[in-house]
Amino acid sequence: MTPDDRTGRTDTVIAVDLGATNLRVGLVNETGRIERLKVTTLPADLPDAETISDLIIRTIHSLASDEEIGMSAGIGIGSAGPIDSTHTSIVHPPNIPLDIIPLSDPISAAFNLPVLLINDCFAGLLGEACFGEGTGSKNFVYVTMSTGIGAGIIANGKILTGRSGNAGEIGHLFVDSDYNLTCGCGRKGHWEGYASGRFLPRFYHEWLKKNGWDSGDQQIHSARDVFDAIREEQGSEKCGFIHELGRLNGRGISDLIVAYEPDTIVFDGSVVLNNQDLIIPLIEQYADRYLPMPRLTVSSLSGFAPLLGSSVIARGYETRFGSLE
Ligand SMILES: [Zn+2]
């Protein structure tokens, strides 16, 4: 981290990935190398909005000296959204009972550095575009399946942001009318209400019920429990669930393919990263192929795509893929 003679700054930035359960903060250089990293588990209860910004500030202080922080080019934050239109706060987060969580202003004031904030799907998309499986592609979609389901889209070489920066909220694509399950947003039939980490256990229980099996004695509370149960049942009829899941995932991915005609779809997020053998081949099987199948691949950035994308944004909202402001 040698500072530039003219600017007095290094090529290193502070990148923040604020997820649903973990906070990751890294010092990242221009080539995408993570020089130092801190990972913290977020508290289960957030009594007030300051808790999050305070935790980020403390974690940055524990990662780097005041001198190193002062010489860095800026701070980029990728966060689970929604992000407000001025890119300063999280607003009405679906899983946190707070109306607004200001981030840019308190963190910028603490370090006297510019703080740039984007949603975590755009961050993941930029990470893949600059350092991962999207490198060199002008038409690719980044799909993350973890607590929720979301996407970022690069079409004809430019990031698709939409009217207010919410393009790519694909978890709310309609994929089912058989089970009629309610999504976290309150509407029915949305992809996220079935295949996200948060809702997979409920979908599994509903599928068991629909097929006449009693699921009462099974301890299935998480996506991991669901996939563990499926692996234990290899060869039995209960493996049929993975085909039902594949059918719905195939529906969602088919919609993405006809909407954006990508050459590559990059999957990320714990649900896929831990179970790609049970998810990707079934998507290949059930996608309806109105257009030719793009390359389906899993992120090679080991879960760090959003952190690396945050490092890109720390240098400014203007990117070679268009502006994210
Ligand atoms: Zn929804």
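The values are calculated or read from the model by the stated rules, or taken from the named source; none is laboratory data. Quick caveat, the model's predicted, so the values are computed rather than measured. Here the Cβ positions follow ideal geometry from the backbone for every residue, glycine too, while neighbour counts run over all protein chains shown. Keep in mind that these areas ignore ligands, DNA and RNA; they rest on the heavy atoms of the full protein, side chains included. Shrake-Rupley method; radii C 1.70, N 1.55, O 1.52, S 1.80 Å.
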Interchain or sequence-distant (5+) residues whose placed amide H lies within less than 5 Å of the amide H of ALA155 are LEU160
Based on the Kirkwood radius over alpha-carbon pairs, what value in µm²/s does the Stokes-Einstein equation return for the translational diffusion coefficient of the chain at 25 °C and 0.890 mPa s?
-> 120 µm²/s
Pairs of lysines in the chain (C-alpha under 21 Å apart; 8 or more residues apart or interchain) = 5
How long, wide and thick is region 136-298, going by the Cα atoms along their three principal axes, in whole angstroms, largest first?
-> 50, 33, 26
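Provide the net charge surrounding GLY316, with neighbours chosen by a C-beta distance below 13 Å and charges set as Lys +1, Arg +1, Asp -1, Glu -1. Each step should come with its number before you reach the end.
Details: positive: ARG315, ARG320; negative: GLU30, GLU318, GLU325.
It works out to a net charge of -1.
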How large is ³J(HN,Hα) for each residue in region 107-121, as worked out from phi by the Karplus curve 6.51 cos²θ - 1.76 cosθ + 1.60 (θ = phi - 60°), to whole Hz, x for Gly and Pro?
-> 6, 4, 5, 5, 10, 6, 10, x, 10, 10, 10, 9, 6, 5, 6
Over the C-alpha atoms of region 145-235, what are the Rg and the largest Cα-to-Cα span, Dmax, in Å?
-> 15.9, 51
For region 259-323 and region 135-165, distance of Cα centres in Å = 8 Å
Name the residues whose placed amide hydrogens come within less than 5 Å of the amide hydrogen of LEU116, ignoring near sequence neighbours (fewer than 5 apart) on the same chain.
-> ILE75, GLY76, ILE77
Given 10 °C, 1.306 mPa s and a Kirkwood radius over Cα pairs, the Stokes-Einstein diffusion coefficient of region 127-174 in µm²/s is 140 µm²/s
For LYS188, residues with placed amide H under 5 Å, excluding near neighbours = CYS183
How far, in degrees from 0 to 90, does helix 50-63 lean away from the longest principal axis of the Cα atoms of the chain, to the nearest 10?
-> 60 degrees
Hey, how many Å between the Cα centroid of region 39-66 and the Cα centroid of region 71-130?
-> 13 Å
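Keeping all protein chains in place and using 1.4 angstrom, which order do TYR194, TYR260 fall into by accessible surface area, from largest down? Don't skip to the answer; put the middle values down first.
Details: TYR194 0, TYR260 70 Å².
From most accessible down to least: TYR260, TYR194.
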Under the definition of Cα pairs under 8 Å and six or more residues apart, what whole-number percent is the relative contact order of the chain?
-> 21 percent
Calculate, in nm to one decimal, what ILE96 and ARG36 gain on full extension: separation in residues at 0.36 nm each, minus their alpha carbon distance.
-> 18.7 nm
Computed label-point distance, nm, for sites CYS239 and ARG289 using a 7 Å Cα→Cβ extension | 2.2 nm
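Just to confirm a number: summing +1 for Lys and Arg and -1 for Asp and Glu over residues other than ARG295 whose beta-carbon lies under 10 angstrom from that of ARG295, what do you get? Mind dumping the intermediate values first?
Working: positive: none; negative: GLU133, ASP263.
Net charge in that neighbourhood comes out at -2.
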Over region 251-325, consider all pairs of different Cα atoms and compute the Kirkwood hydrodynamic radius from their mean reciprocal separation; express it in Å, one decimal.
-> 14.2 Å
